[in-house]
Amino acid sequence: MPWACACKRAKTFHNFAQDGFSKDFLLTENTLIERGGDGSVCRDKDGNVCLECTCGLVISGKTDPANPLFTQGGSCWTNDSFPLLDLPTDQDPRRHPRNNCIHKGYASVALIPVRTKDRIVGLIQLNDKRKGRFTLETIEIMEGIAAHIGSALMRKRAEDDHEKLQAQLTQAQKMESVGRLAGGVAHDFNNLLMGIMNYAELCRDRVEQDHPTREWLDEITREAQRSANLTRQLLAFARKQTVSPKVLDLNDAVAHMLKMLQRLIGEDIDLVWQPGAKLGSVKIDPSQVDQILANLCVNARDAIDSTGKVTIETENVSIDADYCAEHVEASPGSYVLLVVSDDGCGMDYETRANVFEPFFTTKPTGEGTGLGLATVYGIVKQNKGFVNVYSEPGKGTTFRIYLPRDTSVSNAATEAATKTITQGGTETILLVEDEKAIRITMRLFLEQFGYTVIAAESPAEALQLAAEQSHQIDLLLTDVVMPGMSGRELAEKLAVDFPTLKVLYMSGYTANVIAHRGILEDGVNFISKPIGRDALAQKVREVLG
């Protein structure tokens, strides 16, 4: 006698134990969802997914005890199923019967619900091509067995859920530890890098254009910038990178990156761009879109042997509760989907499971930091999105990134109207920085651009110097994290005597005094260390207006 025990899930109906059924029969019975003519999932008035056939009726708990086909315990059984084929639709107690069991020649059929407390979680199916194989007493005994199976299933599910939650907790703690490490180290490390870069810049000003030392100074600057980029990746992964989100069209953002991406992946790899029509807007820092695309394309390039193809696509999507039930990181809503796929070597299950781990890499020693995909993951999560990866060995890889659709008015027009900003001025700037190398070099840079600079190594000294000033201070340029007082607290104190004072914060990592979850508050001006001379002058001029 063929038998099967199945467990109910959000979108499918899986047999976890069976014997005697053919593969094609099991494949059909594993899918019980009722669908409309357009292929959409049918739901009842309460929003529950409708299940077809007698199995769907039993597992939904919608049997009628008054009908001889059903028992008081909710089971369905018959010793001769063939007459059911001749029942008129209005007399058939089943819901959208498929009659698959009958067409396969099974005369005796029993469907017993697997219960746990107050709900049905699956069913036991017994089929036999001979008639008269069951009695009511047999079915009631099977109902008792099914109840024990239900209890065992729930214990197993609880154990699995506990293990899953424990794994998620361990992962979260690991990421939080790396995040704390990144935040703690980044501030001091970026200060050191900025000092190195600024002194190298000052030295270049004193060296002849054709002097061999100039080449060495350029190399120092490049290596320092590479180190800064590595720190920035770590901060992005840890979601401690300060960002300034803007409403933008993802199609435009991708289009502007295409030439650079083609250079990254090389001429032997085709880059295919398939923009979605009438794409919704997203709110994200434009530099983060660049980081996502660059990291995914470099990853795709490394997965392709000599020639191949990388495809970038976008489209509008809506995520429903059914999808979320199978993808724990997803949330229902409207999204803009960014897809980056390649036809490279693909990944096995173990690699795929660890692909977003920080420092995990399959590349040879010295050829990868293991932060590229971790950076992508951190950026997407920081922007309230989620990312899925699909890959099999030899069949390429696809990354699907879901970013929440933004319904606010785009500020693109405002940005387009912004005029080119001159890089100099005559205003007075109060510079507050506890790192000596940065304080000295930034003062020299700003003075080169014509500004009057008052430099202080601490908030206390800044307040004292400001009190001694006989004329207006136009801009406070301050580090965020300093001994004794934060940059924001200093700005609030100075605003009492200088109500028109403008403020520009700088830091090597996110500080919650100016940002929430790494996202800047409206109206807050910020530059991320390390920052070069020209970028500093541009930002100062922008803030001063």
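The values are calculated or read from the model by the stated rules, or taken from the named source; none is laboratory data. What you are looking at is a predicted structure, and each value in this text was computed from that prediction instead of being measured. Quick reminder, even Gly has a Cβ in these numbers, built from the backbone with ideal geometry, and neighbours come from all protein chains shown.
Which residue, of 26, 85, 57, is in a helix (DSSP H, G or I), of a type outside the set (D, E, K, R) and over 26 Å from residue 145 (Cβ atoms)?
85
Among the criteria (1) free of Cβ contacts under 8 Å to residues at least 60 places away in the same chain; (2) in a helix (DSSP H, G or I); (3) not aliphatic (A, V, I, L, M), the one residue 441 does not fulfil is (1). Which one is surrounded by the fewest Cβ atoms within 10 Å (Cβ to Cβ) among residues in the stretch 137-168 that are closer than 22 Å to residue 53 by Cα and among the aliphatic types (A, V, I, L, M)? Of everything passing the filter in the stretch 137-168, 139 is surrounded by the fewest Cβ atoms within 10 Å (Cβ to Cβ). Taking the conditions exactly as written (over 24 Å from residue 405 (Cβ atoms) and at pLDDT below 85), does residue 226 satisfy them or not? Here the answer is yes, as residue 226 does meet what is asked. The helices (runs of 4 or more DSSP H) located wholly in the stretch 258-356 that include 3 or more residues which are touching a residue at least 12 places away in the same chain (Cβ under 8 Å) occupy 286-303, 321-326. Answer yes or no as to whether residue 110 is buried (at least 21 other Cβ atoms within 10 Å of the Cβ) and without any contact (Cβ under 8 Å) to a residue 40 or more places away in the chain. For residue 110, the condition - buried (at least 21 other Cβ atoms within 10 Å of the Cβ) and without any contact (Cβ under 8 Å) to a residue 40 or more places away in the chain - is met. Tallying residues that are touching a helix residue (DSSP H, G or I) at 6+ places or on another chain (Cβ under 8 Å) and at pLDDT 75 or above within the stretch 144-191 yields 3.
Return the residue satisfying two criteria in turn: it lies in the stretch 516-532 and is hydrophobic (A, V, I, L, M, F, W, C) and at pLDDT 80 or above, and of such residues it is surrounded by the fewest Cβ atoms within 10 Å (Cβ to Cβ).
Filtering the stretch 516-532 for residues hydrophobic (A, V, I, L, M, F, W, C) gives 519-520, 524, 526-527, 531.
Narrowing further to those that are at pLDDT 80 or above: 524, 526-527, 531.
Working: 524: 15, 526: 22, 527: 18, 531: 21.
It comes out as 524.
Taking the condition modelled with pLDDT of 80 or more, out of contact with any Cys (no Cβ under 6 Å at 6 or more places or on another chain) and over 24 Å from residue 195 (Cβ atoms), does residue 537 pass? So residue 537 does not fit the description; no. Determine whether residue 208 is modelled with pLDDT of 85 or more, over 19 Å from residue 442 (Cα atoms) and in a loop (DSSP other than H, G, I, E, B). Against the criterion (modelled with pLDDT of 85 or more, over 19 Å from residue 442 (Cα atoms) and in a loop (DSSP other than H, G, I, E, B)), residue 208 qualifies. Restricting the first member to the stretch 75-86 and to residues that are aromatic (Phe, Trp, Tyr), and the second to residues that are part of a loop (DSSP other than H, G, I, E, B), the beta-carbon pairs closer than 9 Å and six or more apart or on different chains are 77/69; 77/71; 77/134; 82/107; 82/131. Scanning the stretch 439-484 for residues that are modelled with pLDDT under 90 and either over 41 Å from the mean Cα position of the chain (by Cα) or surrounded by fewer than 19 Cβ atoms within 10 Å (Cβ to Cβ) (or both) returns 469, 470, 471, 472, 481, 483, 484.
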